[in-house]
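Shown next, in structure tokens, is the structure this report addresses.
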Amino acid sequence: MKRVFLIVLDSVGIGAMDDAADFGDAGTNTLKSASTGSCFHMPNMEKFGLFNIDGIDWKEGTAQPKAVYGRMREASKGKDTTIGHWEIAGVISEKPLPVYPEGFPEEILVPFSEMTGRGILCNRPYSGTEVIKDYGDEHVRTGKLIVYTSADSVFQIAAHEDVVPVETLYEYCRMARKLLSGRHSVGRVIARPFAGESGNYQRTSGRHDYSLEPPADTILDIIKDAGKEVIGVGKIRDIFAGRGITSYVYTKGNTEGIEKTLGYLEQDFEGLCFINLVDYDMLYGHRNDIEGYARALAEFDKALPAMLDKLREEDALVITADHGCDPGYTVSTDHSREHTPLIIYGKNIPPRNLGTRDTFADIGATVLALLGIPGKTAGKSVL
């Protein structure tokens, strides 16, 4: 194979893992919940074998799947974007990244406040849309930064663009990234700019993630070192802190991510195009929006024929997810500890059932095998 297009449907889990109860996620099933939405329609993924995957017993599969299909377990100790993508790329995280259910300690906030010259508001887990409703006015009045977290390993800073210019907010995030080291090495520091008037604050498209660097080489490093291209679409560059990326493009959502993918399918290159489609998680899972989630899945499925039309003889399309975020799980709006799907399609790849694999890292090993690039990862190729 010359090109692999690896698409992560961010948070499209397919059912709770055996240890989900340890994470507070017993009974979660993102895809099943989304399927109850009136817009849910995935005939092309159904043809690939999505509903033939182990554990999907709530919808009948197809008699003759057209792709390789299987179910993936997460071996890492976590359920967040960073750890999930690292494992897909071949690195298993034995220890969970730090989380802060009670907010960040003074040993972090005091020096951060001194660095920025600004006070701190909130400092506890919060919904990103609700936090600007509840603290936006005070922030605008005082100039204090809204610092908050979630169930994930994140340090998030929200600021109104008229109070803190976006580039200044980015600089504050870089300060926080350097400060959050050692036992406080959170997975991501996230800039969350917003705009608008009191009572109608809206987050803007200026979000930017400052990720922890992977603790070891990933398949991105291996592919780049082999002289091939590694193209990041969406937040891939941020997730890997730029490591192993040869070129990248940010996107404003799934629609643009799909458009960029179609564009790269028309380009001549050898290597990996790694795509993250974030809307499922960011817009719908975290907001318990079943209809929105269903609609976004239908949009992706509708785009698949156009992708397949552009797929060449020596190409492979790999579709998976990094964790769950069940829009029907009203106990929580956070990520869920779920199995993920794996679909592999190529004109010269015979369909088969992979069963259940023990680690997302098998995906990374498979990508290397498809590209014919030697390299050691924590996984094993499914080929």
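The values are calculated or read from the model by the stated rules, or taken from the named source; none is laboratory data. All values reported here derive from a predicted model rather than from experimental measurement. Positions of Cβ are generated from backbone atoms using ideal geometry, with glycine treated the same way; all protein chains shown enter the neighbour counts. With ligands, DNA and RNA removed, areas are computed over all heavy atoms of the protein, side chains included. Shrake-Rupley method; radii C 1.70, N 1.55, O 1.52, S 1.80 Å.
What to note about this one:
- Highest to lowest packing among 301-309, 6-14, 352-360, scored as the average C-beta count within 10 Å: 6-14, 352-360, 301-309
- At the listed q of 0.15, 0.22 Å⁻¹, the Debye profile of the range 57-172, built from one uniform point per Cα, gives log10 I(q)/I(0) equal to -0.78, -1.21.
- Separation between Cα centres of the range 83-132 and the range 299-352, rounded to whole Å: 29 Å
- Phi-based couplings in Hz for the range 353-360 (Karplus 6.51, -1.76, 1.60; Gly and Pro marked x): 8, 8, x, 10, 9, 8, 7, 4
- Rg/Rh (Cα only; Kirkwood hydrodynamic radius) as it applies to the range 122-242: 1.04
- The calculated 222 nm mean residue ellipticity attributable to helices in the chain amounts to -9000 deg cm²/dmol, summing -39500 (n - 2.57) over DSSP H runs of n ≥ 4 and dividing by all residues.
- Dipole magnitude of the chain about its Cα centre (Cβ charges: Lys, Arg +1; Asp, Glu -1), debye to nearest 20: 560 debye
- For the range 93-153, the solvent-accessible area works out to 49 Å² per residue, with a probe of 1.4 Å and every protein chain left in place.
- Scalar couplings 3J(HN,Hα) for the range 15-22, obtained by applying the Karplus form with A = 6.51, B = -1.76, C = 1.60 to θ = phi - 60°, are x, 4, 6, 4, 9, 4, 4, 5 Hz; x denotes Gly and Pro.
- Using a Förster distance of 25 Å, the FRET efficiency for residue 168-residue 283 (Cβ separation, nearest 0.05): 0.40
- FRET E, pair residue 62, residue 225, Förster distance 35 Å, beta-carbon r, rounded to 0.05: 0.30
- Table column - 3J(HN,Hα) (Hz), the range 99-107, Karplus curve with 6.51, -1.76, 1.60, x for Gly and Pro: 10, 9, x, 9, x, 7, x, 4, 5
- Kirkwood-type radius of the range 210-299, with distances r between different C-alpha atoms, in Å: 14.1 Å
- One Cα centroid belongs to the range 230-252, the other to the range 1-63; the line between them spans 25 Å.
- 11 Å beta-carbon shell around residue 365, net charge (K/R +1, D/E -1): +2
- Cα-projected label distance for residue 106 with residue 181, points at 7 Å along beta-carbon direction, nm: 2.4 nm
- The accessible surface of the chain, taken with every protein chain in place and a 1.4 Å probe, is 47 percent carbon and sulfur.
- Along its first, second and third principal axes, ordered by size, the range 132-202 spans 38, 25, 18 Å in Cα coordinates.
- Per-bin percent of Cα-Cα distances, the chain [20 Å]: 30, 58, 12, 0
- Charge-dipole axis of the chain as Lys and Arg at +1 and Asp and Glu at -1 on Cβ define it, positive-most pick from 354, 371, 304: 371
- Three-way shape label, the range 275-359, alpha-carbon gyration tensor, a/c 1.5: oblate
- Three-way shape label, the range 99-167, alpha-carbon gyration tensor, a/c 1.5: oblate
- Of the beta bridges in the chain, as assigned by DSSP with both residues counted there, near 35 percent are antiparallel.
- The chain: most fluctuating residue of 85, 339, 160 per GNM, C-alpha cutoff 10 Å: 160
- Net dipole in debye of the range 1-98 [+1 Lys, Arg Cβ; -1 Asp, Glu Cβ; about Cα centre; nearest 20]: 500 debye
- Anisotropy class of the range 186-252 from Cα gyration tensor, a/c 1.5 cut: oblate
- Highest mean packing first, where packing is the average number of other Cβ atoms within 10 Å per residue, the peptides 109-119, 257-267 line up as 257-267, 109-119.
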